[in-house]
Amino acid sequence: NAGVTQTPKFQVLKTGQSMTLQCAQDMNHNSMYWYRQDPGMGLRLIYYSASEGTTDKGEVPNGYNVSRLNKREFSLRLESAAPSQTSVYFCASSEANREKLFFGSGTQLSVL
Amino acid sequence: EDQVTQSPEALRLQEGESSSLNCSYTVSGLRGLFWYRQDPGKGPEFLFTLYSAGEEKEKERLKATLTKKESFLHITAPKPEDSATYLCAVQVGGYQKVTFGTGTKLQVIP
């Protein structure tokens, strides 16, 4: 079982460049999430999608946009990357009304 | 503001040396407390959910307990394969309102 699949695994951008992080899950989960993880800080929620067709801001949404393409896919877009967005990004999913999160393996992003 | 504090930041144990990791929290209206394991270069993997004070859950060498102010992850006779970072998280309100701690990095030496 693939679970939650993220691409790419690594990415280097220059300041001002744009990119989209892709995420897909095959567990038929309704809810999907994007987190970032920085040294010395806990995982922080960027955006989430409670169900297909809905998206909402999390704790740190500035500089990001998301698209819930269908029930399986949830993408995260950086329109104009900044060095402060250097981080490891994780996509996660959960069953509706359940709290247990299933995480992807992460994307390590460096913005120079 | 909801806060989750994990201690110690790092822990080094000899194989077989039991110990405990701590997660203290300050939240209004705890709905659940979670423990995850994270290996280097990978995403967190779910271990336990605890819902109310006094609750305990076990899995192999791991046992999680919960009080009104903190949770402990007890590791009995650890093995090198237990080496990982252990994350604690608390849920307040909706399922999107989950606050993570910064983790305890555990190293078990053969």
Of the residues in the stretch A:55-83 that are out of contact with any strand residue (DSSP E or B) (no Cβ under 7 Å at 6 or more places or on another chain) and touching a residue at least 12 places away in the same chain (Cβ under 8 Å), the one that is farthest from residue A:31 (Cα to Cα) is A:80
When residue A:100 is run through (1) in a loop (DSSP other than H, G, I, E, B); (2) of a type in the set (D, E, K, R); (3) more than 12 Å from chain B (Cβ to nearest Cβ), the failure sits at (3)
> Can you spot a residue in the stretch A:49-71 that is at pLDDT 95 or above and of a type in the set (Gly, Ala, Ser)?
Replying inline: yes
Requiring at least 1 residues that are surrounded by fewer than 17 Cβ atoms within 10 Å (Cβ to Cβ) and among the polar types (S, T, N, Q), the strands (runs of 3 or more DSSP E) wholly within the stretch B:1-101 are B:3-7, B:10-14, B:19-26
Of the residues in the stretch A:67-86, those that are more than 14 Å from every other protein chain (Cβ to nearest Cβ) and in a strand (DSSP E or B) come to A:67, A:73, A:75, A:76, A:77, A:78
Requested in this report: Confirm whether residue A:66 is surrounded by fewer than 21 Cβ atoms within 10 Å (Cβ to Cβ) and within 13 Å of the chain's Cα centre (by Cα).
Outcome: no
Wholly inside the stretch A:1-66, strands (runs of 3 or more DSSP E) that include 2 or more residues that are of a type in the set (Val, Ile, Thr) are A:4-7
*asked:* Going residue by residue through the stretch B:46-54, is there one that turns out to be closer than 18 Å to residue A:44 by Cα, at pLDDT 95 or above and not charged (D, E, K, R)?
replied: yes
Reported set for the stretch B:8-66 where residues are within 12 Å of chain A (Cβ to nearest Cβ) and of a type in the set (D, E, K, R) is B:9, B:31, B:37, B:39, B:42, B:45
The one condition residue A:28 fails out of (1) touching a residue at least 24 places away in the same chain (Cβ under 8 Å); (2) farther than 25 Å from residue B:32 by Cβ is (2)
Here the residues within the stretch A:1-60 that are more than 10 Å from chain B (Cβ to nearest Cβ), among the aliphatic types (A, V, I, L, M) and over 15 Å from the mean Cα position of the chain (by Cα) are A:2, A:12, A:13, A:27
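The values are calculated or read from the model by the stated rules, or taken from the named source; none is laboratory data. None of these values were measured; they are calculated from a predicted model. In this analysis, Cβ positions are derived from the backbone assuming ideal geometry, glycine residues included, and neighbour counts consider all displayed protein chains.
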